[in-house]
Structures are given as structure tokens and as C-alpha cells.
Amino acid sequence: MASFYTCADALIERDGEYLMIQEGKERCRKTWNIPGGGVEQGESPVEAIKREVKEEAGLNVENVEGLLGAANGRSTQDGHPVVVFIFKCSVEEGTPDPELKDEIMDATFMSKEEIMEKEQDEELRNDIVIKAFEMSERGLLPAENFSGYSHPYLDEEP
């Protein structure tokens, strides 16, 4: 059995602003984050990020430009260790409109300054957004190695 959860998050910039979602789940209600979430059974991290962006922001990922890096974290649900793969992506044109309205209160593009203000006001869900900005300054790794990969524990039901 895996000793950590695997997640995929997306740093998405359009016209100098970044796609952010506002959480609606009780444990992290009203906090802001970049779109993303858990890699489901048999799913690759790239497939997961495309699904998560569609669910949380109502937009289709047009291109997974590359991997920014990986970060360690803890689940806000149960405290379990989490490894988060952070990808730089681009999305189709359009206005964000979350499909999971019970889990996502809002989805919008914000300037980096607005996001940093939210960090100062402790309105970010965790430090993943800040880590994503730091990683983006270092450049990208190819994402193609993640396209065909799914965690071996996730290939079949436990």
C-alpha cells in the first residue's frame, strides 16, 4: 500500500494573471489555491490535472507545458503525507465556471500581487501556490514521462 497520496496541481497563467480556485469544502472553505487534486486509480498525473482543471474551473487544458517540480505536503482531510506534482499548463479561452459547485466556490484569474496579498492575509489553502511560483523561476522539466505513467498501486483496486 502506498504510504503517501499523489496529487497533481496546475500553475496556469493567462495575460499575466494566474488561475485560482476558492475552496468550498468545509475543511478548507474560502481558502484559495491553484487547481488540482488527487490522482485517481489508474490515472496518470497529466490526466489528473486535465480532469481537475475541468472540474474546478470549467476550462480545458490545451497544453501541459512541463513539470515545474514536486512538493511535499499533508492532506487537509486526514493529515496523510502528500506528494504534489506541479505542472505549468495553458487553458482554452473562456471564463472560469466550476463544474463542482459544491466543492468550489469560485474560479478566477488573479495577478501575482493579488495572490501575494491573499498569502499575507492567510487566505491561501497552503504553501503550494508560493512553491509553484518559486519553481516556475527555475524552468521546466518535460512532462511526457508522466503522460503514460500511473502509480502501480492505482492500477487495480487495493
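Derivation of every value follows stated rules applied to the coordinates shown; laboratory data play no part. Bear in mind the structure is a predicted one, so any value in this text is a computation, not a measurement. Heads up, the Cβs are rebuilt from the backbone with ideal geometry, glycines too, and the neighbour counts pull from every protein chain shown.
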Self-check item: Charged-residue dipole, Cβ positions (Lys, Arg, Asp, Glu), the range 91-133 about Cα centre, Debye nearest 20
Solution: 180 debye
Practice problem: May I ask for the net charge around Leu140, where only other residues with Cβ less than 9 Å from the Cβ of Leu140 are counted and Lys, Arg are +1 while Asp, Glu are -1? | Solution: +1
Quiz item: What percent antiparallel are the DSSP beta bridges of the range 5-138, to the nearest 5?
Solution: 75 percent
Quiz item: In what order do Met110, Met20 fall by count of nearby beta-carbon atoms within 10 Å, going from fewest to most?
Solution: Met110, Met20
Practice problem: Return the tail of the calculated pair distribution for the chain, meaning the percent of Cα-Cα pairs more than 24 Å apart. | Solution: 28 percent
Practice problem: As a check on your grasp of the helix formula, calculate [θ] at 222 nm for the chain: sum -39500 (n - 2.57) over DSSP H runs of n ≥ 4, divide by the residue count, round to the nearest 500. | Solution: -6000 deg cm²/dmol
Practice problem: Taking the Cβ of each residue in Glu103, Glu117 as the centre, tally the other Cβ atoms inside 10 Å and list the residues starting with the fewest. | Solution: Glu117, Glu103
Quiz item: At a Förster radius of 22 Å, what calculated FRET efficiency corresponds to the Cβ-Cβ distance of Val83 and Arg27, to the nearest 0.05?
Solution: 0.65
Quiz prompt | For the range 67-134 and the range 1-49, distance of Cα centres in Å | solution = 6 Å
Quiz item: In whole percent, what relative contact order does the chain give with Cα contacts below 8 Å and a gap of six or more residues?
Solution: 33 percent
Quiz item: Using the Karplus equation 6.51 cos²θ - 1.76 cosθ + 1.60 (θ = phi - 60°), what ³J(HN,Hα) coupling, rounded to whole Hz, does each residue of the range 18-26 give in order, writing x for Gly and Pro?
Solution: 10, 6, 10, 10, 9, 5, x, 5, 3
Quiz item: How big, on average over all directions, is the shadow cast by the Cα convex hull of the range 75-133, in nm²?
Solution: 5.4 nm²
Quiz prompt | Net charge contributed by nearby residues that have their C-beta within less than 14 Å of His80 (K/R +1, D/E -1) | solution = +1
Quiz item: Given a Förster distance of 35 angstrom, what is the FRET efficiency for Ser3 paired with Glu123, based on the Cβ-Cβ distance and rounded to 0.05?
Solution: 0.70
Exercise. Multiply the residue separation of Glu137 and Asp106 by 0.36 nm, subtract the distance between their alpha-carbon atoms, and state the gained length in nm to one decimal.
Key: 8.4 nm
Exercise. First select every other residue whose beta carbon is under 11 angstrom from the beta carbon of Gly58; then total the charges, Lys and Arg +1, Asp and Glu -1.
Key: -3
